[in-house]
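Structure, as structure tokens:
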Amino acid sequence: MDENEIQNWLEQMADGDQTAFEHIYALTCKDVYRTISFFVVDKQEIDDLVNEVYIQMWKSLHNYDRVRSFRFWMHGLIIRQVQDWKRKKWRRFRIFEKKKIFLQESYVSDKETLQIETQNELVELVESLSYKHREVVILRYFHEYSLNEIALLLEIPIGTVKSRLHIALKLLRKEIETSPNRRADKLNGI
């Protein structure tokens with residue numbers, strides 16, 4: 001994503017140019033979709049969230065600080081939309097279908113998207129982490145944000161970021177150490 005090109009399109013978009021929005025969408029949609037697919041399981045929900053991110057981008061473009069990277073700002077929008085989605089989903093879960101949804105909810109991710117992007121077992125291990133731990137791992141190692149930037153994006157103290165990252169890495173190490181045993185069990189049909 002070329003920041004200068006994005007900045008030019010953003011200026012045109014701020015003036016109401018619909019084609020500028022289409023160009024920004026074309027430049028960013030793969031990154032937005034990929035990032036959301038790490039946080040959300042259901043493909044329909046991913047598509048809905050991608051739409052919400054772009055609607056929010058259009059509405060809040062006047063809040064964009066041109067000093068900061070557009071990519072950083074866009075990931076902030078993604079984080080907030082996913083967090084709002086999680087909050088709404090949790091409310092629905094508690095109010096309407098506590099037991100039914102809990103038993104039926106599937107934690108299988110969109111395999112096709114993950115295979116195209118990653119092609120390794122580490123992604124499966126990262127997916128097994130809790131949302132809070134997975135969030136910091138993805139932002140740190142996939143998007144290569146610093147700990148300070150992650151703290152800003154998630155609006156949490158840097159100590160919390162460090163703690164979550166430490167715990168996540170510890171859990172991943174533990175899983176990696178036991179993964180040969182799991183593979184052998186699968187091969188033996190157990």
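Computed from the coordinates by the stated procedures, all read-outs in this text should not be read as laboratory data. Just so it is clear, the structure is predicted and the values come from calculations on it, not from any experiment. All Cβ positions, glycine included, derive from the backbone under ideal geometry; neighbour counts span all protein chains shown.
All other residues whose Cβ lies under 14 angstrom from that of LEU61 are scored, Lys and Arg at +1 and Asp and Glu at -1, for a net of -1. Between region 119-167 and region 45-71, the alpha-carbon centres lie 21 Å apart. With a Förster radius of 22 Å applied to the beta-carbon distance between GLN56 and ILE158, the computed FRET efficiency rounds to 0.30.
Which net charge results for the neighbourhood of SER128, defined as the other residues with beta-carbon distances under 9 angstrom from its beta-carbon, given Lys and Arg at +1 and Asp and Glu at -1? The partial results should precede the final answer.
Values: positive: ARG134; negative: GLU124, GLU127, GLU175.
Computed value for this residue: -2.
Ranking of VAL53, VAL67, VAL41 by neighbouring Cβ atoms within 10 Å, starting from the fewest: VAL67, VAL41, VAL53.
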